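Read the structure below first, then the notes.
Read-outs: derived from the displayed coordinates by stated rules, not from any lab. Computed from a predicted structure; not experimentally measured. Reconstructed Cβ throughout: ideal geometry from the backbone, glycine too, with neighbour counts over all protein chains shown.
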Amino acid sequence: MGTEDKRTVSDVKAMRALAHPTRLDLLELLRERKSLTASQCAEQLGLSPKVCSYHLNQLAESGLIEEAGTGGGDRRERPWKLAYTRAEASMEQGTPAADAARDQAIRLLIGRNHDQALAFADILGSLPPEWQQACTITSRRVMMTSTELRGWSEQMEYVTREHVARTERHALEEGSEPDAERRPVRLICYGFPEAAK
């Protein structure tokens, strides 16, 4: 298959694969690193290699990841990599089963983002001043058409991809040392119509 730039996930199997916290953790790890085995993932996530191997196989069956080479006979030592540099859930209406899986995946993602934002609020006061000043929580209410919202989403993605690409280039450089000035930063952006009141 080979790593492609983007995949819009719409089939039920892939949607269900995204609707699991461990699988989201594994996808995030594989986004950060070139490839990982189940044992390496287990070490990073504090899980057993068997659990990670199971979830990696589920992601592979859904087409979201693929083998990155051979690791011998032990399935836990088989390296995995992303099959796509970007995979996102399709927001378009599909079959009832696909829509239910999509909705479950989106609820899980929103919940994870909410938890991460609350964890950030807990550590905000302990951050150095320059990091406190750099952080942002922005919320605006505007009137938009669906076309305008789509355009805004694409602009936000374009800007964010520049930073993601820089991070990916640095991670792929052999022997690259972490920059002391850099730390993991969570970029979260929502854009959706308000529910009717």
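Would you list V51, V159 from fewest to most Cβ contacts within 10 Å?
The most exposed by this proxy come first: V159, V51.
Give me R33, R23 ranked fewest to most by other Cβ atoms within 10 Å of their Cβ, as a rough exposure proxy.
Ordered from fewest to most neighbouring Cβ atoms within 10 Å, R33, R23 come out as R33, R23.
Work the Kirkwood hydrodynamic radius out for the range 138-197: mean of 1/r over every pair of different alpha-carbon atoms, inverted, in Å.
Evaluated on the range 138-197, it is 14.5 Å.
Placing +1 on the Cβ of each Lys and Arg and -1 on the Cβ of each Asp and Glu in the range 112-153, which of N113, V142, Q132 has its Cα farthest towards the positive end of the resulting dipole?
Toward the positive end, the furthest listed residue is V142.
Could you sort the peptides 14-20, 43-49 by per-residue average Cβ neighbour count (10 Å cutoff), highest mean leading?
The peptides rank, most packed first, as 14-20, 43-49.
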